[in-house]
Amino acid sequence: MSQIQQGRKGMLTALVVAAAALATAACGNNGEAAGNASPTSSATASGSPAESGTQAASPSASAAPAKSDEPLVVYLNDFDEIIKPMFEEATGYKLELVTGNGAEISSRIEAEKGNPHWDVVWMDAMPTINQMGKNGQLLEGWTPSDIDNLTDFAKALVPANLSYYPTGAHAASVIVYNTKAFNADSAPKTWADLADAKFKGTVGMADPAVAAPAYPFVAWFFQSQGMDGGKSYFDSLMKNGLHVYPKNPNVAKALTGGEIKAAALQESNAYVLKNAGEPVDIVWPAEGAPASVRVAAIQKNTKHADAAKAFIEFLLDPKTQQSLIDNGEESYFQPSAKGVAMKPDRSPDAKLVVAEAEWAGEHEGEIKQWFADQAVK
């Protein structure tokens with residue numbers, strides 16, 4: 001494959017093995033994966049809502065303060081900058097956050113399978129978390145008190161075993177182009193356009209084995225077009241000189257720096273560039289943008305079940321979701337709760353399509369391994 005970044009091969013293979021193990025194994029540990037991961041604990045972080053520039057949201061159901069000094073441990077990959085003071089102020093429970101990218105958090109959870117250190121996982125990796133539910137790692141059968149306030153789109157994503165709940169969905173990728181290279185007429189407008197010879201060597205995307213939103217993006221193509229069709233599509237992109245970067249911020253930097261001229265880029269990253277005055281514009285393909293769904297799930301044997309349930313109800317509260325949209329770094333998303341206003345500059349043509357969680361989870365290891373194999377060719 002031409003023009004895929006050098007130096008990513010070893011890291012990519014290791015991360016794929018860890019992610020594949022999580023998606024497909026029903027038992028066993030992966031201690032080596034945990035050693036390679038580097039999530040960050042923010043348990044010592046402090047600050048009030050006023051200090052963080054946010055307003056505390058109130059959960060829809062009142063939660064009693066924690067009866068012990070042990071914090072609720074949440075593994076997550078976004079919103080760590082504001083969620084701790086918001087939740088603690090609203091509920092009285094203490095919160096400890098462990099943050100990392102999608103691969104790091106998944107690897108850590110897999111390594112801890114025999115002795116989980118987490119109480120809640122909150123991440124835009126619905127297929128991975130769906131598999132955790134199938135493998136018996138999650139609390140099942142619990143229904144949040146505010147479940148009826150979920151949108152129809154969100155209700156359709158709740159699994160039958162009630163093991164996780166969606167807190168929002170965003171475009172795992174939209175088409176973004178550099179306006180110095182293309183205009184509205186000449187820029188790619190569909191996903192198929194990215195494989196057109198006139199865009200040879202100019203397109204980039206995030207690595208589905210590293211960036212949490214990138215796997216739901218590619219999974220939609222593999223499900224909708226079939227495994228062979230998905231391989232054919234991405235193979236055509238690679239033969240057309242596709243650049244693959246570890247994470248979406250790397251893609252954004254390459255786009256504004258001139259290394260690439262168009263990209264499949266996660267929507268918050270795309271809007272941040274545009275709002276910063278960078279020479280970019282955004283295209284929402286008519287066929288839809290594959291969605292990355294952020295879900296929250298409780299560890300089956302948590303010792304802090306009351307706090308964990310309060311945290312999920314807090315996340316589903318429209319006041320919380322509005323605060324995340326108004327103040328969060330990943331603020332461009334479609335909320336799962338009714339009565340929440342999206343960013344006013346988010347396109348009215350925004351259409352999300354979602355790969356079915358169980359299918360995507362069952363094929364996660366195979367698809368990520370396929371991408372890893374392409375990287376070493």
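The values are calculated or read from the model by the stated rules, or taken from the named source; none is laboratory data. Note that the coordinates shown come from a computational prediction; the quantities given were computed from them, not determined experimentally. We place every Cβ from the backbone using ideal geometry, glycine too, and count neighbours over all the protein chains shown. For accessibility, only protein heavy atoms count, side chains too; no ligands or nucleic acids. Shrake-Rupley method; radii C 1.70, N 1.55, O 1.52, S 1.80 Å.
Summary table
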| quantity | calculated |
| --- | --- |
| Environment charge at residue 248 (Cβ cut-off 14 Å; Lys +1, Arg +1, Asp -1, Glu -1) | -4 |
| ³J(HN,Hα), Karplus 6.51/-1.76/1.60, whole Hz, each residue of segment 83-96, x for Gly, Pro | 6, 4, x, 4, 5, 5, 5, 6, 10, x, 6, 8, 10, 10 |
| Carbon plus sulfur fraction of accessible area for segment 127-184, probe 1.4 Å, in percent | 51 |
| Principal axis dimensions, segment 143-265 - Cα atoms, whole angstrom, descending | 51, 31, 28 |
| Amide H contacts of residue 280 (H built 1.01 Å from N, under 5 Å, at least 5 apart or other chain) | 179 |
| Relative packing of 206-216, 242-252, which averages over residues the other C-beta atoms within 10 Å, highest first | 206-216, 242-252 |
| Heavy-atom surface of segment 113-236, accessible at 1.4 Å and reported per residue (Å²) | 34 |
| 13 Å reach of a label modelled at residue 70, 7 Å along Cα-to-Cβ, counting backbone N of segment 303-344 | 303-308 |
| Under 18 Å from the residue 145 label point (7 Å along Cα→beta-carbon), backbone N, segment 295-313 | 305-313 |
| Burial ranking of peptide ranges 269-281, 329-341 (average Cβ count within 10 Å, highest at the top) | 329-341, 269-281 |
| FRET efficiency, residue 196 to residue 89 (Cβ-Cβ, R0 56 Å, nearest 0.05) | 0.65 |
| Distant-in-sequence amide H partners of residue 167 (H built 1.01 Å from N, under 5 Å) | 294, 295, 296 |
| Residue 343-residue 224 pseudo-label distance in nm [points 7 Å out on the Cα-to-Cβ vector] | 2.2 |
